[in-house]
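Asker: My structure is below; once you've seen it, I'll send some questions.
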Amino acid sequence: MNDIIRRIRKGDFRAAAKLITAIERRDPSAIPILRALTPDTGRACIIGITGPTGTGKSSLINALTTGCRRLRRRVGILAVDPTSAISGGAILGDRIRMRDHLTDSGVFIRSLASRGAPGGLPVRVVAEALHVLEALGIDWIFIETIGIGQDQTAVASIARTTVVVVNPAMGDEVQFLKAGFMEIADLFVVNKADLPGADRMALQLAGLSDPGNPTPVFKVSALRQQGIDALIQGLNDLDRRTRQTKQPKGLHRR
Ligand SMILES: Nc1nc2c(ncn2[C@@H]2O[C@H](COP(=O)(O)OP(=O)(O)OP(=O)(O)O)[C@@H](O)[C@H]2O)c(=O)[nH]1
Ligand SMILES: [Mg+2]
């Protein structure tokens, strides 16, 4: 046990991967290790990335990772896939879109599956995996979720900052509002701004948010790596501001 704690503190990805596997299996031996690592947590920028299917969440994480690596920050990516028991392909697709970073020793990528567990998404597993990544010395952690339904929203809420990704000309706006994304967004990203309609979409979002406390809106193109550095700066600023008021709700201190 002391060995794995020591290795994780030193930033050993393989030790972290092993511990996360134990967490996924609900192995009780993980509990004292997590407890011992608690003092090593609390410094990372933890960003939940959510939004409707196909808006470019994985592509955005890929682009953000490129930007963070240019700043020599270490990056962790957690892809939460509620359906992977049936569609292992989704995770494969994510991996392909994040391929730029698969061999980078400064990027830790992990998919988490609910494995058909009753009650759906493993909120606790995600929270504990985040704990491990923080102890590992990761600076930026991105969690991708689809964000439809209560469980997924709960996963997004583990992050200190929740980013909702939308696209220009998203068609059925009402549907989007009904899905509850407005409520959980700390920041909106209009991705695919290389396509027409991004300005209009950004204005619409700005118009919908609380005038007294407007939700920031960033236009980017993940595909062209445009607007990403400004977004990283915006996320960093937001993290610093919310850090003073809002604790991550994930892992209860034990
Ligand atoms: N034009 C354009 N296309 C993009 C951009 N970002 C992503 N795409 C495309 O949008 C499609 C979906 O991208 P993903 O990154 O898989 O989207 P996602 O939100 O992770 O999708 P799911 O995980 O299936 O919900 C892909 O074909 C991408 O190439 C962008 O900035 N501009
Ligand atoms: Mg994806």
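The values are calculated or read from the model by the stated rules, or taken from the named source; none is laboratory data. Because the structure is a prediction, the values reported are computed rather than measured. Cβ: placed from backbone, ideal geometry, glycine included. Neighbour counts: every protein chain shown.
Asker: Out of segment 1-21, which residues are of a type in the set (D, E, K, R) and in a helix (DSSP H, G or I)?
Answerer: Asp3, Arg6, Arg7, Arg9, Arg14, Lys18
Asker: Tell me, which helices (runs of 4 or more DSSP H) wholly within segment 161-254 include 1 or more residues that are modelled with pLDDT of 90 or more, in contact with a Pro (Cβ under 8 Å, 6 or more places away or on another chain) and farther than 25 Å from Pro122 by Cβ?
Answerer: 198-208, 228-243
Asker: Is it fair to say Ala63 is under 22 Å from Gln233 (Cα atoms), touching a residue at least 60 places away in the same chain (Cβ under 8 Å), in contact with an Asp or Glu (Cβ under 7 Å, 6 or more places away or on another chain) and among the small types (Gly, Ala, Ser)?
Answerer: So Ala63 does not fit the description; no.
Asker: Quick check on my filter: what residues within segment 26-65 are among the polar types (S, T, N, Q), within 16 Å of ligand 2 (Cβ to nearest atom) and more than 14 Å from Ile138 (Cβ to Cβ)?
Answerer: Once the filter is applied, which keeps residues that are among the polar types (S, T, N, Q), within 16 Å of ligand 2 (Cβ to nearest atom) and more than 14 Å from Ile138 (Cβ to Cβ), segment 26-65 yields Thr50, Thr53, Thr55, Ser58, Ser59, Asn62.
Asker: Restricted to segment 19-72, and to residues that are surrounded by fewer than 16 Cβ atoms within 10 Å (Cβ to Cβ) and charged (D, E, K, R), which residue is nearest to ligand 1 (Cβ to nearest atom)? Give the steps one after another, and end with the answer.
Answerer: Pass one, segment 19-72, residues surrounded by fewer than 16 Cβ atoms within 10 Å (Cβ to Cβ): 21, 25-29, 31-32, 35, 38-39, 42-43, 53-54, 70-72.
Going one step further and asking which of them are charged (D, E, K, R), we end up with 25-27, 35, 43, 70, 72.
Values: Arg25: 25, Arg26: 26, Asp27: 29, Arg35: 33, Arg43: 27, Arg70: 18, Arg72: 24 Å.
Going through the qualifying residues, I end up with Arg70.
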